[in-house]
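Visitor: I am attaching a structure below and will ask some questions about it afterwards.
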Amino acid sequence: MKLKVFVTLAGVGIAAASLLSERAIAAPGMVLGRFGEEDSKKPKKPAAEKEKEKEKEKDKGDKEKAKPAAKDAKDKEKAKDEKPVAGEIKKRIALAPKGIRWGMSLENLAQLYDKLFEEEYVPLYKKAEPGTQMQALDSELADKKALLRRNKIEFGRLPTGVDQGPLKGEYSYNNGESMSRLKLKSGTERIVFMFDGKLWKIYDEHKLRNGGTLGASFKDAVAILTKKFGTAPVIVQPDYAKGRNFEEAVWKDSTSYIRAVNREPILGMVYADRNIQESLSTYRKNKAENPSAMDRDVSDVIRKPDEPMKKPDEKDAKKKDDKKKAAAKKQ
């Protein structure tokens, strides 16, 4: 009896298990339904809503693209509103010829011009006949190449003949300064200035004339340069105490200090290393003695009778004593 009951119960259990298994297979979504419906079961959005979402995304993208363009437009308007600062050049003015730079040595500068001179003489060599013509060109070219090296002047302790010309004030003595010069193909005289053998200033002498690139007068030249540099210069008047002997128009860019010097009928175009130009006092620590100053002993002899004799300075007295001792030792 017990055996029959057990068999009956086991059969019922197997039947129930099979029914449950079939229902789970037929409706697997019922288990997932607790956490979320399958995508295929979710109701589809109407086409109108999809179009609206696309339009929103497009508008958002257009706005993002428009932001930089709007910023650029504002920056341009701001740049227009900003008044240009007198003498300040926004773009850097390139030095000529290509390869020239502040701080290069005189020898490197000479080598740069050696190549330029050689290029200038190529057409002449093509026309020249072998023999005396070739030899004459060789000599002429060698002479041009030697100009910068040969024309070097050192501004040491002793005065030079340059003091008598228009370049006075462009250099100082006993501060490691020197200069040299050469004539360019255009006819321009170019003078280069060095500090401790390194290029810091270029001074070009241009002839002003009708139809010339810089006009016939200083006024013409300033107008032409203003248009070229994009801004008006600062005009400064002569100040002999500061070594400025002529009227000047001054511009600056990020690296160079540019001056147009009024020496009519000559225009001096000066390009200088801005860092050095704006801190010249630190480079020119030694002040030149006045070569025309009268010796103290002479001034005492020729003084007027009613003028008191100047007391000798302690330093001068010491120098005189040292000289006397030195003279005594030689004897």
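Visitor: Any idea what Rg and Dmax come out to for the range 75-200 if you just take the C-alpha atoms, in Å?
Guide: Calculated on Cα positions, Rg and Dmax stand at 20.0, 68 Å.
Visitor: Sticking with this structure for a sec: Can you sort 256, 105, 217 so the residue with the fewest Cβ neighbours within 10 Å comes first? Mind showing how you got there, number by number?
Guide: Working: 256 22, 105 13, 217 16.
Listed from fewest to most nearby Cβ atoms, that is 105, 217, 256.
Visitor: Does anything in the range 87-109 have its amide N under 19 Å from the 7 Å Cα→Cβ label point of residue 149, and if so which residues?
Guide: Taking a point 7 Å out along Cα→Cβ of residue 149, the residues of the range 87-109 whose backbone N falls under 19 Å are 104-109.
Visitor: At 0.36 nm per residue, minus the direct Cα-Cα distance, what do residue 274 and residue 188 gain on full extension? Give it in nm, one decimal, please.
Guide: Full-extension gain reported as 28.6 nm.
Visitor: I would also like to ask the following. Let me check the size of the range 154-283 from its C-alpha atoms; what are the radius of gyration and Dmax in Å?
Guide: That works out to 14.7, 44 Å for Rg and Dmax.
Visitor: Where does the range 106-150 land on Rg(C-alpha)/(2.2 N^0.38 Å)?
Guide: So the Cα radius of gyration is 1.21 times the expected 2.2 N^0.38 Å.
Visitor: Run the numbers for residue 236 and residue 137: contour at 0.36 nm per residue of separation, minus the present Cα-Cα distance, in nm.
Guide: Once the chain is fully extended between residue 236 and residue 137, it gains 31.1 nm.
Visitor: Taking a threshold of 25 Å on the Cα-Cα distance, which of the pairs 168/201; 127/207; 183/285 fall above it?
Guide: Working: 168/201 14 Å; 127/207 31 Å; 183/285 32 Å.
The answer is 127/207; 183/285.
Visitor: How large is the convex hull of the C-alpha atoms of the range 227-284 per residue, in Å³? It would help to have the intermediate numbers written out before the result.
Guide: On the way: hull volume 5.3 nm³, N = 58.
Per-residue hull volume (Cα only) is 91 Å³.
Bear in mind that the values in this text are calculations on the coordinates, not laboratory data. Computed from a prediction, not measured in an experiment: that's the story for all the values here. Neighbour counts are summed over all protein chains in view; Cβ atoms, including those assigned to glycine, are modelled from backbone coordinates with ideal geometry.
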